[in-house]
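Inspection log for the structure reproduced underneath, given as structure tokens.
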Amino acid sequence: MNVLILDADVPMAELMETLVSGLFSRARVHSYRTLAEARADLEELRPELVVCDWDLPDGRGLDLVRAVRRLDREVPVLMVSEKVDRERVLAAGRLHIQGFVPKPFTATAMQERLKTLLPTGQPGGPETSFEVMLRRARDTQAYLPAELDPASVMALVERAGELSVGDLSDAWKSQPAVTARLLDVANTSALRRSGEPCSSLREAIRMLGIRMSLNHALALALDISHRLSDPALKSLAEEQVAKSSELAELASGMARKVGVDASLCYTAGLLHRIGELAVISTAQQFIASDGALDDDDVERALYEWSGTLGNVLKVAWRLPLPLRNLIGAAYMLPRGSGERDKAVMRAAWLMCNDMQESEECDRLLGRLGLDVASARAPA
């Protein structure tokens with residue numbers, strides 16, 4: 001199923017992408033920022049759902065809808081608009097547009113409208129092999145399983161006016177999926193107002209604003225296709241998240257002791273197992289499409305694909321190079337590297353993996369002026 005999204009507002013467009021993918025896991029979302037780009041691909045794409053902004057930098061969304069209707073009179077079209085008046089409603093009716101969603105919208109409002117337009121259910125049997133699904137995750141987009149409770153996010157949404165950047169940062173500091181998502185959106189080129197990359201959850205929330213950050217978190221919480229219903233995969237994902245949090249806590253505490261950026265080390269720790277989470281998420285999608293996997297299949301995929309999917313996601317999410325290098329340092333310290341933050345990440349990884357007695361760990365801790373006890377002591 002091809003879905004076309006046309007919106008020049010990057011955060012809104014990416015929120016819609018997440019919602020569509022969450023409601024229908026097999027959707028292939030094609031997002032455009034200008035009318036000209038969308039029209040150029042329209043005939044080849046032949047979308048089965050169109051979500052379009054009314055006002056665009058190079059024209060009106062109605063121009064795209066007219067082109068869509070020349071190809072197919074029945075394609076569902078949802079229009080988003082900052083202005084919804086009688087004139088626009090009548091124009092939409094003449095082109096059989098299924099409805100309007102006023103801007104700014106909430107994730108829940110958009111989700112409810114999309115539910116009325118998207119097909120429900122999955123066809124019987126797996127559509128492809130697990131190996132092919134992993135390759136697709138590598139070549140297109142991989143989604144992480146989100147463990148946020150929608151009710152807890154909604155409680156935050158209702159209090160949005162009284163929340164600070166620090167409040168949200170504290171609430172989400174142990175949520176690698178939210179951290180990754182907000183960094184991805186914040187680092188979109190259209191949002192880089194200062195020219196400096198965004199490297200921490202706190203910076204991403206500050207750049208996006210409280211309400212947009214809440215919307216993206218809620219979108220992840222509502223991403224039902226990537227919730228883990230398989231007990232074995234759920235347990236495995238919980239283990240990966242716990243290990244990520246453990247490394248984040250230890251590395252940030254050590255960083256504070258030696259005078260390097262604790263926030264960046266925390267972020268690197270949270271994100272260092274995104275490849276494993278992407279494999280697990282893909283396995284859940286395969287099982288949900290009536291595929292069958294045993295423990296050996298998943299273990300082999302984790303060994304063969306975690307590094308690949310992790311690297312793809314780092315690039316796709318536009319993680320800044322210093323952050324990507326810091327994540328990589330947890331697994332292997334570059335030869336001759338004298339950077340203390342990378343030594344912190346590697347030493348913390350060794351300690352979290354029961355290798356604190358190794359010669360490498362002892363050498364790194366000595367370089368940092370720490371020992372195992374002082375490294376683990378509260379900062």
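Close contacts from the stretch 1-24, counting a first residue that is on the phi < 0 side of the Ramachandran plot and of a type outside the set (A, V, I, L, M, F, W, C) and a second that is assigned to a loop (DSSP other than H, G, I, E, B) and modelled with pLDDT of 80 or more, with Cβ to Cβ under 6 Å and a gap of 6+ residues or different chains, come to 2/47; 2/48. Taking the stretch 138-184, which residues are surrounded by fewer than 18 Cβ atoms within 10 Å (Cβ to Cβ), at pLDDT 80 or above and of a type in the set (Asp, Glu)? Listed by number, the residues that qualify are 162, 167, 170.
Taking the stretch 31-88 as the range and being under 14 Å from residue 8 (Cα atoms) and surrounded by fewer than 18 Cβ atoms within 10 Å (Cβ to Cβ) as the test, the residues that pass are 34, 36, 37, 55, 57, 58, 59, 60, 82. The residue list 235, 213 contains one member that is at pLDDT 85 or above, among the polar types (S, T, N, Q) and open to solvent by 30 Å² or more (accessible area, probe 1.4 Å), which is 235.
Considering only the stretch 61-85, state which residues are farther than 16 Å from residue 101 by Cα and either small (Gly, Ala, Ser) or not in a loop (DSSP other than H, G, I, E, B) (or both).
Passing the criteria: 63, 64, 66, 67, 68, 69, 70, 71.
Quick check on the stretch 276-283. Is at least one of its residues part of a helix (DSSP H, G or I), out of contact with any Leu (no Cβ under 8 Å at 6 or more places or on another chain) and touching a residue at least 60 places away in the same chain (Cβ under 8 Å)? Within the stretch 276-283, none of the residues are part of a helix (DSSP H, G or I), out of contact with any Leu (no Cβ under 8 Å at 6 or more places or on another chain) and touching a residue at least 60 places away in the same chain (Cβ under 8 Å). Figure legend. Inter-residue proximity from the stretch 332-347: first residues at pLDDT 90 or above, second residues among the acidic types (Asp, Glu), beta-carbon distance below 7 Å, spacing 6+ or different chains. Indicated pairs: 341/261. Candidates 276, 357, 339, 304: the one that is open to solvent by less than 80 Å² (accessible area, probe 1.4 Å) and not aliphatic (A, V, I, L, M) is 276.
The values are calculated or read from the model by the stated rules, or taken from the named source; none is laboratory data. All values reported here derive from a predicted model rather than from experimental measurement. Cβ coordinates were reconstructed from backbone atoms using ideal geometry, including for glycine residues, and neighbour counts include every protein chain displayed. Just so you know, the surface numbers come from the protein's heavy atoms only, side chains and all, with ligands and any DNA or RNA stripped out. Shrake-Rupley method; radii C 1.70, N 1.55, O 1.52, S 1.80 Å.
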